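The values are calculated or read from the model by the stated rules, or taken from the named source; none is laboratory data. All figures in this text were calculated on a predicted structure; none of them were measured in a lab. All Cβ positions, glycine included, derive from the backbone under ideal geometry; neighbour counts span all protein chains shown.
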Ligand code: CTP
């Protein structure tokens, strides 16, 4: 989705400038045209040549450059931008923007642009918490600037606190979300589940499964990137939070069911990519079960967990995933009927390049009337995108029949 998008990357004078080089590199690798605009103080921290080399494009540093092609670079940049990202943003640039001051190429570009502006602040905790900075931030938020809150951790001053530049993954995610706001799922609310559940046996053991959460996260990301408001309900996973997605973390099937019941209010679709445990221990021991007490043999009574897809009812689209090891399509179609689904994604989890833990998947998407689309091996992100193509069509309002009047 970043292919051929023009991203103006504003870099201001914080030691976190070096991270902006990585951001410029990743945005460029994702296909964007990245035009870097640096303030004088940023150019003291990092040489413009670094950005020139990473983006393959001119870096703008001086408003008074008489050799520049257009003569008024900041206006050309302001008009060409699909999005402006300032990372890192100092307290100073935030104050200038809030006051409408346009004293250099970057602030002139921001003042002149109609494109959305994303600001990722980086500064010492004291400067960030200062009420003047916070007032400036509030003022800009009111004017629809998107802020990416700074993180907590080690700061250049040697202190630990709030003020670190948000991580590059979060900034990239926010760029994608902002660019996708007018996508074909704009105005829709989509609930996605991901990962496996853990059913506790005792305080240290659980029944779980091999799900990594990658497929569900890819689905949530794809829905976000098309403008949907997304709630992601996920079992334990090592995957980082997705920017711009409401994340609800759960452990057990019962907790997932409760979270889904709450989230589906007012939603347009429920997509269950989670590998929900089908059984849970009948009781959970309050203390660690001792090996000796079990006498060398152990039987664990299990009871069924609720079937979330079957039991969650409403006017939203219901989409399931079928993890199968044999008779894939037949089993998936049966699940579709039993759980009354609008779509089901069937995958063979025995193939090494498909299913659990890996980044790729080979699936078939089965729709109404059993119409089946067999997809070749592709990344989970691509599978998610193909699924969203189908969902976007199904959620599109149907045109009123001809001659229809109210
Ligand atoms: N699912 C669910 N609640 C459960 C179990 C599964 O909502 N307790 C959902 C999954 O998220 C998935 C779909 O149902 O979208 C199919 O899950 P799968 O594990 O393939 O099938 P099961 O219904 O568990 O049947 P079986 O284990 O017998 O294949």
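Within the stretch 300-316, the set of residues being more than 14 Å from residue 254 (Cα to Cα), touching a residue at least 12 places away in the same chain (Cβ under 8 Å) and within 27 Å of the chain's Cα centre (by Cα) comprises 314, 316. Consider residue 77 carefully, then state whether it is surrounded by 17 or more Cβ atoms within 10 Å (Cβ to Cβ), out of contact with any strand residue (DSSP E or B) (no Cβ under 6 Å at 6 or more places or on another chain) and not in a strand (DSSP E or B). No, not satisfied.
In the set 250, 230, 260, only one residue is touching a helix residue (DSSP H, G or I) at 6+ places or on another chain (Cβ under 6 Å), surrounded by 20 or more Cβ atoms within 10 Å (Cβ to Cβ) and over 30 Å from residue 396 (Cβ atoms); that residue is 250. Scanning the stretch 10-34 for residues being in contact with a helix residue (DSSP H, G or I) (Cβ under 6 Å, 6 or more places away or on another chain) and buried (at least 22 other Cβ atoms within 10 Å of the Cβ) gives a total of 7.
Considering the stretch 112-194, the qualifying helices (runs of 4 or more DSSP H), each wholly inside and each with 3 or more residues that are touching a helix residue (DSSP H, G or I) at 6+ places or on another chain (Cβ under 9 Å) and either under 30 Å from residue 315 (Cα atoms) or away from the ligand (no atom under 16 Å from the Cβ) (or both), run over 131-142, 168-179. Being surrounded by fewer than 24 Cβ atoms within 10 Å (Cβ to Cβ) and without any contact (Cβ under 8 Å) to a residue 24 or more places away in the chain holds for only one residue in 4, 47, and it is 47. Taken over the stretch 300-329, the residue count meeting the criterion of being under 20 Å from residue 367 (Cβ atoms) and away from the ligand (no atom under 12 Å from the Cβ) is 5. State the number of residues belonging to the stretch 16-67 that are farther than 23 Å from residue 164 by Cα and assigned to a loop (DSSP other than H, G, I, E, B). Residues flagged as farther than 23 Å from residue 164 by Cα and assigned to a loop (DSSP other than H, G, I, E, B) within the stretch 16-67 amount to 14.
Any residue in the stretch 321-340 that is in contact with a strand residue (DSSP E or B) (Cβ under 6 Å, 6 or more places away or on another chain) and touching a residue at least 60 places away in the same chain (Cβ under 8 Å)? Yes, the stretch 321-340 contains a residue that is in contact with a strand residue (DSSP E or B) (Cβ under 6 Å, 6 or more places away or on another chain) and touching a residue at least 60 places away in the same chain (Cβ under 8 Å). Somewhere in the stretch 250-266, is a residue closer than 25 Å to residue 175 by Cβ, modelled with pLDDT of 95 or more and in contact with a strand residue (DSSP E or B) (Cβ under 7 Å, 6 or more places away or on another chain)? Scanning the stretch 250-266 turns up no residue that is closer than 25 Å to residue 175 by Cβ, modelled with pLDDT of 95 or more and in contact with a strand residue (DSSP E or B) (Cβ under 7 Å, 6 or more places away or on another chain).
All of 297, 288 fail the test of being loosely packed, with under 14 Cβ neighbours inside 10 Å, away from the ligand (no atom under 15 Å from the Cβ), modelled with pLDDT under 95 and under 29 Å from residue 212 (Cβ atoms), apart from 288. Scanning the stretch 343-355 for residues that are closer than 17 Å to residue 384 by Cα and away from the ligand (no atom under 12 Å from the Cβ) yields 353, 354.
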